[in-house]
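Please find one structure pasted underneath; my questions will follow.
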Amino acid sequence: MAMLQSSTIEARILYWLSLDMRVRALAERLLERFAVTVGDLPASAAHHHAEPGGLYRHSLRSGAQGFGRVRRQHEYGEAARRQRR
């Protein structure tokens, strides 16, 4: 599986948050501040995401996976509720 670029993951996260423009604007500011804060730090010294900027990419990917899980659980719950009706 190819590693997604940070900008691709950012776009996915912002898309998921795009229904509420206030939430999206807040998320954009938080992502910008986080990128400045962690800068080019690696996520680890010798393991995955050990390259410059790895901590930012690792954090984005972890966040995107969390969003995906929550979204799938929500969709599963909605489908189950529709079937019970």
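The values are calculated or read from the model by the stated rules, or taken from the named source; none is laboratory data. In this text the structure is predicted, and so the values were computed from the model without any measurement. Neighbour counts are summed over all protein chains in view; Cβ atoms, including those assigned to glycine, are modelled from backbone coordinates with ideal geometry.
Give me a count of the residues in region 7-33 that are in contact with a helix residue (DSSP H, G or I) (Cβ under 7 Å, 6 or more places away or on another chain) and either among the aromatic types (F, W, Y) or closer than 23 Å to R72 by Cβ (or both).
Of all residues in region 7-33, those in contact with a helix residue (DSSP H, G or I) (Cβ under 7 Å, 6 or more places away or on another chain) come to 9-10, 12-14, 16-18, 24, 27-28, 31.
Adding the requirement that they be either among the aromatic types (F, W, Y) or closer than 23 Å to R72 by Cβ (or both) leaves 9-10, 12-14, 16-18, 24, 27, 31.
Total satisfying the criteria: 11.
I would also like to ask the following. G77: free of Cβ contacts under 8 Å to residues at least 24 places away in the same chain, out of contact with any helix residue (DSSP H, G or I) (no Cβ under 8 Å at 6 or more places or on another chain), surrounded by 13 or more Cβ atoms within 10 Å (Cβ to Cβ) and over 14 Å from R12 (Cα atoms), yes or no? Give the steps one after another, and end with the answer.
On the way: free of Cβ contacts under 8 Å to residues at least 24 places away in the same chain: yes; out of contact with any helix residue (DSSP H, G or I) (no Cβ under 8 Å at 6 or more places or on another chain): yes; surrounded by 13 or more Cβ atoms within 10 Å (Cβ to Cβ): no; over 14 Å from R12 (Cα atoms): yes.
When the stated conditions are applied, G77 does not pass them.
Here are the criteria: (1) out of contact with any Asp or Glu (no Cβ under 6 Å at 6 or more places or on another chain); (2) without any contact (Cβ under 8 Å) to a residue 40 or more places away in the chain. Tell me which single one W16 does not satisfy.
Result: W16 fails condition (2) only.
What number of residues in region 40-77 are farther than 20 Å from S18 by Cα and of a type outside the set (S, T, Y)?
Total meeting the criteria: 18.
Right, next: Kindly indicate the residue of region 45-64 that is surrounded by fewer than 16 Cβ atoms within 10 Å (Cβ to Cβ) and either modelled with pLDDT of 90 or more or aliphatic (A, V, I, L, M) (or both) and also nearest to Y15 (Cα to Cα) among those meeting that condition.
Start the filter on region 45-64 by keeping residues that are surrounded by fewer than 16 Cβ atoms within 10 Å (Cβ to Cβ), which leaves 45-48, 50-52, 62.
Subset that is either modelled with pLDDT of 90 or more or aliphatic (A, V, I, L, M) (or both): 45-46, 50-52, 62.
Values: A45: 32, A46: 33, A50: 28, E51: 27, P52: 26, S62: 16 Å.
Result: S62.
Please go through region 40-72 and pick out each residue that is over 16 Å from the mean Cα position of the chain (by Cα) and free of Cβ contacts under 8 Å to residues at least 12 places away in the same chain.
S44, A45, A46, H47, H48, A50, E51
May I pose another question? Scan region 6-57 residue by residue and report those that are farther than 26 Å from R71 by Cα, polar (S, T, N, Q) and outside any helix (DSSP H, G or I).
Selection gives S44 alone.
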